[in-house]
2 protein chains.
Amino acid sequence: MTHRAHNFSAGPAAIPLPVLERAQSELLDYGGTGMSIMEQSHRGPTYDAVHNRAIADLRSLLGISDDYAVLFMQGGARGQFAMLAMNLLGDGVGAYVDTGNWSFLAEKEAAKFGRTATVWTGRDEGYCRVPAADEIAVPAGASYLHYTSNNTIYGTQFPGTPDPGDVPLICDMSSDILSRPTDVNRFGLIYAGAQKNLGPAGVVLVIVRKDLLALSHDKLPETMSYKLMAAKNSMLNTPPTFAIYLVGLVAQHLVGLGGLDAVEAINERKAELLYRTIDESGGFYSPNAAPGSRSRMNVSFRSPSAELDARFVAESAAADLVGLKGHRSAGGLRASIYNAVPEESVRALVDFMGDFARRCG
Amino acid sequence: MTHRAHNFSAGPAAIPLPVLERAQSELLDYGGTGMSIMEQSHRGPTYDAVHNRAIADLRSLLGISDDYAVLFMQGGARGQFAMLAMNLLGDGVGAYVDTGNWSFLAEKEAAKFGRTATVWTGRDEGYCRVPAADEIAVPAGASYLHYTSNNTIYGTQFPGTPDPGDVPLICDMSSDILSRPTDVNRFGLIYAGAQKNLGPAGVVLVIVRKDLLALSHDKLPETMSYKLMAAKNSMLNTPPTFAIYLVGLVAQHLVGLGGLDAVEAINERKAELLYRTIDESGGFYSPNAAPGSRSRMNVSFRSPSAELDARFVAESAAADLVGLKGHRSAGGLRASIYNAVPEESVRALVDFMGDFARRCG
């Protein structure tokens, strides 16, 4: 019996066990070819089928229409901070909603390439909430409105989708993509580093409305041009084939679970169990996120003291509950419960939390 | 018994079987952690050890001094075409040696960001050779001299290292890095996409002389700045952890073989056997590369006709010899015999070649 820990890491994070088992079983011989999928030419029919099935399954799960291109790129979500501005900013203003470290850095990076504006910030409130719809005003001359749908550090998440009017909406969906149904038609561009809900680090998914591709100008580095990457089906140069293969297996796995409605129901149960444990702890545990902004993916909370937080981390690790230390910029505790974290792991965590509170409360 | 084909793919290409077996055995539980290495935080001690050991083993194999930074980046060698120019070109001239498609595209990409000059081209000779030392004249005001040490399509390879005088020498070593001892001190920067000799697609190795890092200016996209990536030990953002882990396993494997002297001796034997079979075929097979420019990594050749080339590809594939079709821009046949292709596979290939020539000659 293979030892598997309860993995609450914020990213890279848990991968669904059936996906890892399948990858393991065919690592030396993919589909009878006598080669690993990572040893296959990206121009050959075997990899081509893997690549296109991954795209097709993502299209199916998210209901992505033919108005959008689905791209696999490299450089992580952080690479997209620059890339989206280099492709789409032009002479306009990049409007940014600042709900935490990553959205802040996204704007800072874009400012190298043109004008930006912060249309809302939660900084003075400790990033404990996301804005309500009427708190976001898109400035005149905006090229796009950018926001981060889920904030891994502070444990907040947009319950809905902002409405920027006629301006393209751009979303960093790295930490909650595929966790719930999403109406892609409301977006100009969605990007997501793979290493939370999609697969391993090393590939970033970009879903871009095709009419925006015309904005990619000819002086961009080739590998950073949405237009070129779309024209080449993400095979301008050698794509990260093994990472894309794993993303494809994750997508197949979610299709097998019943699609994103089913996935969302599981995620609701997991998050509800954790927040209930916090709320019913008699004040021993306190959540970072304000009501209405609670993330179903990253539950950030703290015990009564930094000392107890440290003890919680050490004792939970000894009980095979891994990755519960809060991000260094926020402190406290954090349980990341992405799609691949099983309900059984969340039950083990709340059992530990209850026991810990009884012993230390 | 797992079925393994003889894999002559040009890249992505064969991975050493012991590396794949090790990765397979620990895919669900790395080192007793209860998690795959791809499920571990890149900020945690487990991945950190993997990352730094990979760098240390590469330093040991190539004898890389502390004057150089060893970076893992994303975007492939094609991403480096732009990145090296964006970081290092400045107001000077990028001098390029054109020995084939990839070096040609490297210059074309750099020309988006400044001035370039082609100091030698083999285009009119069908890229059948690399220049002699006295054919390369570096122009005044050059920022660097760029060349491609091995040309996968045309099957040519520099037997030695060009001497650009005081100008930094930049080499795309994607297809022959770690295939022979290399005096890194002669270079300003070496880059290599992993998917030929280093591991899977999705990571690119960059070895850069530290004094050049000062040239990376502050308006570069963060993930494209050599200076920032060096300052953060390639962990500015989440690196492609699983690909780097595999590169580390490949490096360990080569250390275990006895280092690059031993690796070179094996590669010499493999290439010698193939070229002898071509040379002794009574003219049935003809090599693309001129004497003195023959690649030990990619042996490009052809049979008497395009029809026989096609028949060769079909019949060899049926005999489990995979990936022998020449690149679409050169036609003919090509056997890529990177480090991970076993001598036994080369023997199987020359047996097939002899039989095919007898039947069709």
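The values are calculated or read from the model by the stated rules, or taken from the named source; none is laboratory data. Predicted model only: the values in this text are computed from it and were never measured. Neighbour counts are summed over all protein chains in view; Cβ atoms, including those assigned to glycine, are modelled from backbone coordinates with ideal geometry. Areas reflect the complete protein model, heavy atoms only, side chains present, ligands, DNA and RNA absent. Shrake-Rupley method; radii C 1.70, N 1.55, O 1.52, S 1.80 Å.
Distances between copies of A:ASP67, taken at a point 7 Å out from Cα along the Cα→Cβ vector and listed shortest first: 5.8 nm. About its Cα centre, the range B:282-358 has a charge dipole of approximately 340 debye under the convention of +1 per Lys or Arg Cβ and -1 per Asp or Glu Cβ, with nothing else charged. Accessible area per residue was computed with a 1.4 Å probe on protein heavy atoms; B:THR161 scores about 50 Å².
Can you find, among A:GLY44, B:VAL130, A:SER303, the residue farthest towards the positive end of the dipole of the protein assembly as shown? Put +1 on the C-beta of Lys and Arg, -1 on that of Asp and Glu. Result: B:VAL130, furthest along the dipole toward the positive end. To the nearest hundred square angstrom, how large is the accessible surface buried between A and B, total for both chains, probe 1.4 angstrom? Chain pair A/B: roughly 5000 Å² of buried accessible area.
Taking a ≥ b ≥ c as the square roots of the Cα gyration tensor eigenvalues, the range A:178-281 comes out prolate, since a/c reaches at least 1.5 and a/b is larger than b/c.
Measure off, as a whole percent, the carbon and sulfur share of the 1.4 Å-probe accessible area of the protein assembly as shown, all protein chains present.
On the way: 13110 of 25820 Å².
The computed percentage sits at 51.
Annotation: aspartates and glutamates with alpha-carbon distance below 14 angstrom to B:LYS325 (same-chain offsets under eight excluded): B:GLU307, B:ASP309, B:GLU315.
Would you work out if chain B is rounded, prolate or oblate? Take a ≥ b ≥ c from the square roots of the eigenvalues of the alpha-carbon gyration tensor; rounded if a/c is under 1.5, else prolate when a/b is larger than b/c, oblate otherwise.
oblate
A simple spin-label model places pseudo-atoms 7 Å from Cα toward Cβ; at A:SER65 and B:LYS232 they are separated by 3.7 nm.
Sum up the charges of everything whose Cβ sits under 14 Å from the Cβ of B:ALA262, counting Lys and Arg as +1 and Asp and Glu as -1, but leave B:ALA262 out. Provide the component values of the computation, followed by the final result.
Details: positive: B:ARG180, B:ARG269, B:LYS270; negative: B:ASP261, B:GLU264, B:GLU268, B:GLU343.
Counting the neighbours of B:ALA262, the net charge comes to -1.
Among the residues of B:88-96, the average count of other protein chain beta-carbon atoms within 10 Å of the residue beta-carbon is 0. Computed over chain B, the per-residue total of -39500 (n - 2.57) for DSSP H runs of n ≥ 4 gives a 222 nm mean residue ellipticity of -11000 deg cm²/dmol, rounded to 500. With Cα atoms as the point set, the radius of gyration and Dmax of the protein assembly as shown evaluate to 26.3, 89 Å. When the listed pairs A:LYS108/B:LYS232; A:LYS108/A:LYS219; A:LYS219/B:LYS219; A:LYS210/B:LYS219 are checked against a 26 Å cut-off, the alpha-carbon distance exceeds it for A:LYS210/B:LYS219.
Comment: the Cα-to-Cβ extended label point of B:GLU272, at 7 Å, lies 7.3 nm from its counterparts in the other copies, nearest first. The mean number of partner chain beta-carbon atoms within 10 angstrom of a residue's beta-carbon across peptide A:197-210 is 3. Summing Lys, Arg as +1 and Asp, Glu as -1, what charge do residues with Cβ under 11 Å from the Cβ of A:SER65 carry, A:SER65 excluded? Overall, the nearby charge balance is 0.
Per residue, what accessible area does the range B:18-257 have, given a 1.4 Å probe and all protein chains present, in Å²?
On the way: 7700 Å² over 240 residues.
Here the residues of the range B:18-257 average 32 Å² of exposed surface.
Averaged over the residues of B:27-33, the number of partner chain Cβ atoms lying within 10 Å of the residue Cβ comes to 4. Only protein heavy atoms count here; on that basis, with a 1.4 Å probe, B:LYS232 has an accessible area of about 110 Å². For B:ASP166, the distances from its label point to the matching points in the remaining copies are 5.9 nm, ordered from shortest, with each point set 7 Å beyond Cα toward Cβ. The separation of the range A:192-228 from the range B:132-187, counted between C-alpha centres, amounts to 32 Å. Between B:ALA56 and A:ASP134, how high is the FRET efficiency from 1/(1 + (r/R0)^6) when r is the Cβ-Cβ distance and R₀ = 56 Å? Nearest 0.05. Given R0 = 56 Å and the Cβ-Cβ separation, E is 0.50.
Remark: chain B carries a charge dipole of roughly 520 debye about the Cα centre, counting +1 on each Lys and Arg Cβ and -1 on each Asp and Glu Cβ.
What does the net charge come to around B:CYS360 if you take all other residues with beta carbon closer than 12 Å to its beta carbon, with K and R at +1 and D and E at -1? Mind showing how you got there, number by number?
Values: positive: B:ARG311, B:ARG358, B:ARG359; negative: B:GLU307, B:ASP309, B:GLU315, B:ASP355.
Once positives and negatives cancel, what remains is -1.
Protection proxy ranking, highest mean first, for peptides B:47-58, B:308-319: B:47-58, B:308-319, where packing is the per-residue count of other beta-carbon atoms within 10 Å, averaged.
The charge dipole of the range A:160-219, taken about its Cα centre with unit charges on the Cβ of Lys, Arg, Asp and Glu (plus for the first two, minus for the last two), comes to roughly 180 debye.
Once you have a ≥ b ≥ c as the square roots of the Cα gyration tensor eigenvalues for the range B:115-218, tell me rounded if a/c is under 1.5, and otherwise prolate or oblate according to whether a/b is larger than b/c.
Details: a/c = 1.67, a/b = 1.02, b/c = 1.63.
Oblate.
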